[in-house]
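The values are calculated or read from the model by the stated rules, or taken from the named source; none is laboratory data. The structure displayed is predicted, hence computed values, not measured ones. So basically every Cβ, Gly included, is an ideal-geometry build from the backbone, and we count neighbours across all protein chains shown.
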Amino acid sequence: MRRRAFIALLGGAATWPLAARAQQPNQTRRVAVLQTLAENDLEGQSWVNALKQGLAVLGWTDGVNVRLDVRWAGGEANLYREFAKELVDLHPDVIVAVGTPSAMAFLRETHTIPIVFTSVTGCI
């Protein structure tokens, strides 16, 4: 009887790492957004809400399996670089740069994190 128990123990030990790995929760993805408008701007709020809704349609729910880190520069030139650095330091999976100043600030801070440019004019 001890032999059967030993074999069962070995069999269980061999499959345990697979079971433990299968039970790991999905990693929450992080999206960094630098908005050129002020936080109280209705157009900016509408844009961020549309982004959240679009992600939700694709199965990405803010606070569940994705986290949106949004910063609002409000047209303040000194805030673009500060917020871009702050957001890059959070190690997001992807960056959304709204407007040319946001895009330029992110391009100074990183060349390894994918950047999605929106509402960008002129040459970068």
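To keep it simple, each residue is scored yes or no on (1) hydrophobic (A, V, I, L, M, F, W, C); (2) closer than 14 Å to residue 70 by Cβ.
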position: 84; (1), (2): yes, yes
position: 87; (1), (2): yes, yes
position: 91; (1), (2): no, no
position: 98; (1), (2): yes, yes
position: 104; (1), (2): yes, no
position: 113; (1), (2): yes, no
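Restricting attention to the range 29-86, the residues being more than 12 Å from the chain's Cα centre (by Cα), hydroxyl-bearing (Ser, Thr, Tyr) and farther than 13 Å from residue 99 by Cβ number 1.
Every listed requirement among (1) closer than 16 Å to residue 116 by Cα; (2) surrounded by fewer than 19 Cβ atoms within 10 Å (Cβ to Cβ) is met by residue 60 save one, (1).
Of the candidates 79, 55, the single residue that is of a type outside the set (Lys, Arg), in contact with a strand residue (DSSP E or B) (Cβ under 9 Å, 6 or more places away or on another chain) and closer than 13 Å to residue 31 by Cα is 55. Surrounded by 10 or more Cβ atoms within 10 Å (Cβ to Cβ), in contact with an Asp or Glu (Cβ under 8 Å, 6 or more places away or on another chain) and at pLDDT 85 or above - does that describe any residue in the range 13-28? Within the range 13-28 (the criterion being surrounded by 10 or more Cβ atoms within 10 Å (Cβ to Cβ), in contact with an Asp or Glu (Cβ under 8 Å, 6 or more places away or on another chain) and at pLDDT 85 or above), the answer is no, since none of the residues qualifies. Scan the range 36-53 and give yes if some residue there is at positive phi and surrounded by fewer than 18 Cβ atoms within 10 Å (Cβ to Cβ), otherwise no. Within the range 36-53, not a single residue is at positive phi and surrounded by fewer than 18 Cβ atoms within 10 Å (Cβ to Cβ).
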